[in-house]
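Here's the structure, in structure tokens; my notes come after.
The values are calculated or read from the model by the stated rules, or taken from the named source; none is laboratory data. Owing to the predicted nature of the structure, the values given are computational and were not obtained by experimental measurement. Note: ideal-geometry Cβ built from the backbone for every residue, glycine included; neighbour counts use all protein chains shown. Only protein heavy atoms, including side chains, enter the accessible area calculation; ligands, DNA and RNA are left aside. Shrake-Rupley method; radii C 1.70, N 1.55, O 1.52, S 1.80 Å.
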Amino acid sequence: QVQLVESGGGTVQAGGSLSLSCTTSARTFSMYVMGWFRQAPGKEREFIARISGGGSNTYYADSVKGRFTISRDNAKSTVYLQMNSLKPADTAVYYCAASYGVSSQNTRAYRYWGQGTQVTVSS
């Protein structure tokens, strides 16, 4: 069982920045593709970004491309999401997730999930 704990959410004004962290208990962290997802009230959970186990490959949803950056530190078993130029439409609960070796934007590919952290962007 792998546990994931997100941190760094909060409230920010439009145009501002936030940085999220997700620390895991995975002993073979580098074997996991890590993803960030978000879910706004009344909407389905949507993919935001993913990063390969070694950190060399990243992929972003069009809605965040150029504004968000995913990264990881395998020595700390932690994945990050730097969010810049935030918009009210970015308001959601943000989740990190781990997939063992499968690169995907589909939630079903990710076996382990964090509890989520709230991000609120005010206009």
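Results, tabulated for the structure shown:
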item	result
Cross-link partners of K43 among lysines (Cα-Cα below 28 Å; sequence separation of 8 or more within a chain)	K65, K87
Share of carbon and sulfur in the accessible heavy-atom surface of the chain [1.4 Å probe, %]	45
Accessible surface, 1.4 Å probe, highest first, among residues M31, M83	M31, M83
Accessible area (Å², per residue) of the range 1-115, counting only protein heavy atoms and a probe of 1.4 Å	51
Rounded to the nearest 20 debye, dipole of the chain from Cβ charges on Lys, Arg, Asp, Glu	160
